[in-house]
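The values are calculated or read from the model by the stated rules, or taken from the named source; none is laboratory data. The shown structure was predicted, so the numbers you read here are calculated from the model rather than taken from an experiment. Cβ placement follows ideal geometry from the backbone for every residue including glycine, while neighbour counts extend to all protein chains displayed. Just the protein is used for accessible areas: all its heavy atoms, side chains included, with ligands, DNA and RNA removed. Shrake-Rupley method; radii C 1.70, N 1.55, O 1.52, S 1.80 Å.
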Amino acid sequence: MKFSCEKALLQSAIAVTARAVSPKSSIPALEGILLEARTDLRLTGYNLETGIRTVVPAQIDQEGSLVLSARLFGEIIRKLPDDIVSFQADGYMVNITCGMSQFNILATDPEDFPELPTVEDKNGFTIPRGKLGSMIRQTIFAVSDNESRPIHTGSLFEIDDTGLTVVSVDGYRLALRHEPITERDGALSFSFVVPGSALSEVEKICGDGEEEATVTQGERHVMFRVGDTMLVSRRLEGEFLAYRQAIPRNNGIKVEGDTRALLTSIDRVSLIISDKLKSPLRCVFDDNVLKITTKTGIGDASDQCPISGDGGGLEIGFNNRYLMDALKAAPADRVRLELSSGVAPCVILPAEGEENFLYMVLPVRLKAGE
């Protein structure tokens, strides 16, 4: 096996594939990156749940394959000078040369590296990579970390004639994003759930741009292809929350506010809240003003934020982080908050235009004196 490649390209490919490498595994090969020199150079990381493969432009002088420690290989390439990296393997002994630097390290048998799952072309769709990345970023914060309901440790991807809807829930909040899609294959409507850990990697791979990303649903796995990089993840099985029935839409109170102004007010009052000093926000929706107060063991804080509409003096408590996460993710300058009572969820929607996002935050019961 012999090839040469630009250091920056190789370093970038290692960084991408290393995200799917097991930090510690009973199968030593899974702690490494599989290198395959054929017509091009392919790098693969796989932890038996998520696999990432990317292709790097390289001059291939001799074909072959082997596995290198992801940690050691990554550190070596990162610290080499910015030049062409020459790579040559004699059996399992690998020589890496760049400029005046040279390393000789041991590789592992590629036969020990499990094959990535094959994703049958069952159903699929294409969407601009930047749009897919933003949809994931604006919903992934609400993915549950409670393993007692494994299905909710991922996000639901639902495709129908209106487009793509991505939904995350964790028992305290719900995040939903919707975008139209123009190209799809297979069934007119289908759905699947992708683990949050895999989606966080997809979001990093997507970056920005209008280049198309392709998503393919298989029998047990799902594949995301963005440029020269492919991510394969197992699908989560089970019954996802019937989210449409869970969202209250006949709310009697509807007020609007500037997203940044609301976020700034909540952030200020939250300064005296910490993991050790937890306390809900007491929110009072009055005529054209939202009053926010909280009290912890170190003191109390209050702030007011202008809003449009009359909340009728409704008093309701919220976890400050849950409310802030939703407002940070909302892709709109102004939002509409819909409420009905102090014990019913708050629904956050765009104030104008299409309802391409919806966030729901459950209230926190307020105690006297809080």
Next on the checklist: Can you tell me how many residues within the stretch 41-77 are open to solvent by 50 Å² or more (accessible area, probe 1.4 Å), outside any strand (DSSP E or B), out of contact with any helix residue (DSSP H, G or I) (no Cβ under 7 Å at 6 or more places or on another chain) and without any contact (Cβ under 8 Å) to a residue 60 or more places away in the chain?
Outcome noted: 3
Item to check | The listed residue being in contact with a Lys or Arg (Cβ under 9 Å, 6 or more places away or on another chain) and at pLDDT 95 or above, out of Phe87, Phe103, Phe73 | outcome: Phe87
Checklist entry - Taking the stretch 268-293 as the search range and keeping residues that are outside any loop (DSSP other than H, G, I, E, B) and of a type in the set (Lys, Arg), which one is surrounded by the fewest Cβ atoms within 10 Å (Cβ to Cβ)? => result Arg268
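Say whether the condition of being among the polar types (S, T, N, Q), part of a strand (DSSP E or B) and crowded, with 17+ Cβ neighbours inside 10 Å is met by at least one residue in the stretch 294-302.
Initial filter on the stretch 294-302 (among the polar types (S, T, N, Q)): 294, 296, 302.
Retained after the next criterion (residues that are part of a strand (DSSP E or B)): 294, 296, 302.
From what's left, crowded, with 17+ Cβ neighbours inside 10 Å: 294.
Scanning the stretch 294-302 turns up at least one residue that is among the polar types (S, T, N, Q), part of a strand (DSSP E or B) and crowded, with 17+ Cβ neighbours inside 10 Å.
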Item to check | Wholly enclosed strands (runs of 3 or more DSSP E) of the stretch 143-258 bearing at least 1 residues open to solvent by 80 Å² or more (accessible area, probe 1.4 Å) | outcome: 183-185, 212-217, 221-226, 253-258
Checklist outcome for this item: Matching residues in the stretch 1-40 (part of a loop (DSSP other than H, G, I, E, B), surrounded by 17 or more Cβ atoms within 10 Å (Cβ to Cβ) and of a type in the set (Gly, Ala, Ser)) number 2
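Restricting attention to the stretch 212-230, does a residue exist that is out of contact with any strand residue (DSSP E or B) (no Cβ under 6 Å at 6 or more places or on another chain), touching a residue at least 12 places away in the same chain (Cβ under 8 Å) and among the hydrophobic types (A, V, I, L, M, F, W, C)? First the steps, then the outcome.
Step one: filter the stretch 212-230 for residues out of contact with any strand residue (DSSP E or B) (no Cβ under 6 Å at 6 or more places or on another chain), giving 218-220, 227.
Still in the list and also touching a residue at least 12 places away in the same chain (Cβ under 8 Å): 218-220, 227.
Subset that is among the hydrophobic types (A, V, I, L, M, F, W, C): none.
Taking every residue of the stretch 212-230 in turn, none turns out to be out of contact with any strand residue (DSSP E or B) (no Cβ under 6 Å at 6 or more places or on another chain), touching a residue at least 12 places away in the same chain (Cβ under 8 Å) and among the hydrophobic types (A, V, I, L, M, F, W, C).
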Item to check | Flag for Ile316 being over 24 Å from Tyr172 (Cα atoms), surrounded by 13 or more Cβ atoms within 10 Å (Cβ to Cβ), touching a Phe, Trp or Tyr at 6+ places or on another chain (Cβ under 8 Å) and at pLDDT 95 or above | outcome: no
